[in-house]
Structures are given as C-alpha cells and as structure tokens.
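Below is one structure, written out as structure tokens, with a few remarks after it.
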Amino acid sequence: MEYHFHKLTDIKLLILKTIHYFKEPIPEYILNETILINNYANFFDLQQALYEMTENKLVTYYEENGGKMYSLTKLGSTALEGYAVHLPKSVCEKLYQTVRLKIREYENEISLIADYERSGDMDYTVKLGIMEGGYNIFTVTVSIFDEKLAKDICREFKRTPQTLYNELLSVLLKEPGGASGEGNDLEKGD
C-alpha cells in the first residue's frame, strides 16, 4: 500500500523517524531526498514541518560546508518514542531500507573542506581537504597573510579540487632538482 501523508503531524513523525534511523547528523538534502523519494510528502509540506520542528526544538541543526546538518533533540527523541506507533509498519520498513541506501551513497560521496579562520592580527589559517567514502584522503593547512587571498584559495579549491590535488601531488613527488638531477647538491657530495 502506498502512503502519502498530508497532515503535518504525520510528516513530522516521518522526519523524526528518518533522523533517528541515520543515528548521526543528516544533511538537509539527504533528509529531503529520503522522504520525497518514497513520495510520503510533498516538498513544501516537508519544509513547513521541518521549520516548525526546529522552532519547537524537536530537531536542531548546524551549518557545515554551506548546508544544514539535522539531528534529534532530547525532546524530539521523546516525541518519537511516544508517537512512532502511529506510523504504519510498512512505512517504517521502507523508510529504513531507503535510509540504509542513502547512508551508503552519502559515505561514498566526496566531501570537500575549504575554510579559513583568523589566526592572529594579520594571519589567516586556510584548511583544505578531501574526504571520500568516509576517509580523509587529503588535508592541508596553510597560513595566509590576507583575508581576500584566503577566500580566493577556498573558492578555487571548491571549484577544482581534483586539479589542485593532482598539481600538489606532482610537486611533492617531483624528484629534487627536476628530472635531470640538476641542483641536487646532496647527491654530488657537496
């Protein structure tokens, strides 16, 4: 039997159950996809329910990499415990299967870190990184003297992370003195 929920209270229960299944903070776009892919609610009702739940402190969020990461509050967990029985078992089972698929997809996505912060009177620390499949495959931290330059570095890294990563690797893996060996005074015995 197909379900499409129209009541905001039912949609709120779906949101609570979805976040609960993820067990960790969930990006807003994945939360939306998980509920919308099964056609349990329309986008506008989903956004309204999420807004009200945030206002009523059933869920909370924080900003990360330009997006919201949602998690349950204690109040949200208590509400779910008390009212989850109102969701049909078939909906919970299908939702659980969808969440498992979304977790695998999310873990395999490439996540970029490109951020900076003030580290002194005239210094900024730029942090760049690439995570893939839940593993940190690249991290670099650089001190920069100018905020505009720090912003430019972050923007460029977000635009072409693979190119910059490959260029940095080629510089790091280049033999000292280039291919011809010129300038490698240590090997000459100097």
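The values are calculated or read from the model by the stated rules, or taken from the named source; none is laboratory data. Just so you know, these numbers come straight off a predicted model, no measurement behind them. Cβ sites come from the backbone with ideal geometry, for glycine too, and all protein chains shown count toward neighbours.
Is there a residue being under 29 Å from S111 (Cβ atoms), outside any helix (DSSP H, G or I) and not β-branched (V, I, T) anywhere in segment 48-59? Within segment 48-59, one or more residues are under 29 Å from S111 (Cβ atoms), outside any helix (DSSP H, G or I) and not β-branched (V, I, T). Do we find that K158 is at pLDDT below 80 and of a type in the set (K, R) in this structure? Here the answer is no, as K158 does not meet what is asked. Being over 17 Å from the mean Cα position of the chain (by Cα) and touching a residue at least 12 places away in the same chain (Cβ under 8 Å): is that true of L36 here? So L36 fails the test. Can you tell me which residue among Y29, Y62, Y3 is hydroxyl-bearing (S, T, Y) and either in contact with a Pro (Cβ under 6 Å, 6 or more places away or on another chain) or in a strand (DSSP E or B) (or both)? Matching residue, one of Y29, Y62, Y3: Y62.
Could you tell me whether any residue of segment 75-92 is in contact with a His (Cβ under 7 Å, 6 or more places away or on another chain) and surrounded by 11 or more Cβ atoms within 10 Å (Cβ to Cβ)? Within segment 75-92, one or more residues are in contact with a His (Cβ under 7 Å, 6 or more places away or on another chain) and surrounded by 11 or more Cβ atoms within 10 Å (Cβ to Cβ).
Screening segment 90-128 for residues that are out of contact with any Asp or Glu (no Cβ under 9 Å at 6 or more places or on another chain) and assigned to a strand (DSSP E or B) and picking the one that is modelled with the lowest pLDDT gives L112.
Listed here are the residues, each with its yes/no results for (1) under 21 Å from E93 (Cβ atoms); (2) touching a Cys at 6+ places or on another chain (Cβ under 9 Å); (3) not aliphatic (A, V, I, L, M).
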| position | (1), (2), (3) |
| --- | --- |
| H20 | yes, no, yes |
| K23 | yes, no, yes |
| I30 | yes, no, no |
| Y40 | yes, no, yes |
| E55 | no, no, yes |
| T60 | no, no, yes |
| G66 | no, no, yes |
| Y70 | no, no, yes |
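Pairs are defined by a Cβ separation below 6 Å, a sequence spacing of at least 6 or placement on different chains, a first member in segment 61-85 that is in the same structural domain as K12 (by TED's automatic domain parsing), and a second member that is surrounded by fewer than 15 Cβ atoms within 10 Å (Cβ to Cβ) and in a strand (DSSP E or B); the pairs so defined are M69/Y62.
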